[in-house]
Amino acid sequence: MLTSMTGYGESTCEGKNFVISVELKSVNNRFLKILTKIPEQISHLQNELEEEIRKRVWRGSVFLAVRFTPTRIADLYEIDEEVLKKYLNKLNKLKHELGSREELLLKDLVALPGVVRMEEELVLGKGELLPAALRATNEAVEKLTQMRCVEGAHLEAEFRKRLSLVSGHLEEIKKQTPRALEAYQLRLEERINQLLSKKNVNLAHEDLLKEAAILAERTDIAEEIQRLESHLLQFVAALDEKDPVGRKLEFLVQEMFRESNTMGAKSTNTAMSQRIVEIKAEVDRMKEQVVNVE
């Protein structure tokens with residue numbers, strides 16, 4: 001079963017004092033690349049969240065966006081009274097020494113470093129924060145995977161359709177190949193005889209047949225047909241594999257395109273050439289689509 005590299009998934013989990021949301025988007029990439037956007041206060045969770053993604057996703061560019069929202073602000077923060085008193089004493093002493101009459105405002109005092117601090121469990125990612133973040137990530141990955149599987153099923157159906165068309169054209173070419181070679185050899189014999197008669201040169205019939213056979217062999221596409229058939233069978237077999245096969249399919253399509261190009265260059269029969277053009281068109285469409293397979 002194929003999996004696409006294109007997908008989307010999101011999930012939100014609530015903790016005791018916060019809400020955490022995870023959003024995942026993925027597009028095709030030759031390798032696995034994770035780009036993360038995460039708030040500073042929970043940035044220490046980045047490695048764990050990315051590791052959860054790597055367990056389920058093998059290829060593609062994955063964009064991970066995490067949102068963290070405290071829901072009970074007043075309960076999350078506390079004022080360190082000892083630190084506040086030290087600031088106040090120091091500032092009052094400086095005011096007296098400098099003879100300043102400027103009033104000390106509480107809003108300015110609480111903005112000083114260390115006066116207001118967040119609960120330790122949220123700062124360090126302990127308690128329910130990390131489990132909630134992992135749960136949201138797993139659910140988002142599940143949705144992402146489901147969408148990638150649906151897209152993969154569409155790709156697989158499209159590939160099977162195009163493989164069937166290629167196989168049909170190839171069967172017709174195989175039927176025409178013996179007659180095409182025989183006709184080409186006869187045309188070569190006639191052409192060589194015409195040229196030799198103009199030059200008044202005689203050539204033994206056996207030598208004539210030998211030269212015609214050599215030239216005809218250069219247009220023989222039997223080997224290309226055999227290799228293309230092998231690639232088609234390997235492609236079909238890969239569609240049924242459980243592991244990611246995107247790179248294998250890319251290689252097979254490249255080889256199929258190369259064989260069809262060689263067939264086109266060798267062919268001297270109009271009907272066969274038309275079939276080969278159709279094969280190249282189908283393989284080219286597969287080449288565009290296979291880059292989206294994981």
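Hey, with R₀ at 45 Å, roughly what FRET efficiency would ARG117 and ASN28 work out to, going by the Cβ-Cβ distance, to 0.05? If you can, show how the numbers build up before the last one.
Numbers: r = 45 Å, r/R0 = 1.00.
Using R0 = 45 Å, I get an efficiency of 0.50.
Which FRET efficiency value, to the nearest 0.05, do you get for LEU109 and ARG67 by plugging their Cβ-Cβ distance into 1/(1 + (r/R0)^6) with R0 = 41 Å?
Numbers: r = 31 Å, r/R0 = 0.76.
Efficiency, from the Cβ-Cβ distance: 0.85.
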Can you return the lysines within cross-link range of LYS16? Criterion is Cα-Cα under 20 Å, with same-chain partners fewer than 8 residues away left out. LYS126
Need the list of lysines near LYS143 for cross-linking: C-alpha distance under 23 angstrom, and skip anything on the same chain fewer than eight residues off. LYS25, LYS33, LYS37, LYS55, LYS242
Order the peptides 144-155, 240-251 from the highest to the lowest mean number of other Cβ atoms within 10 Å of their residues. 144-155, 240-251
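Laboratory data are not the source of any read-out in this text; all were calculated from the coordinates shown. Please read these numbers as outputs of a predicted model, since none were measured by experiment. No Cβ is skipped: glycine too gets one built from the backbone with ideal geometry, and neighbour counts run over all protein chains shown.
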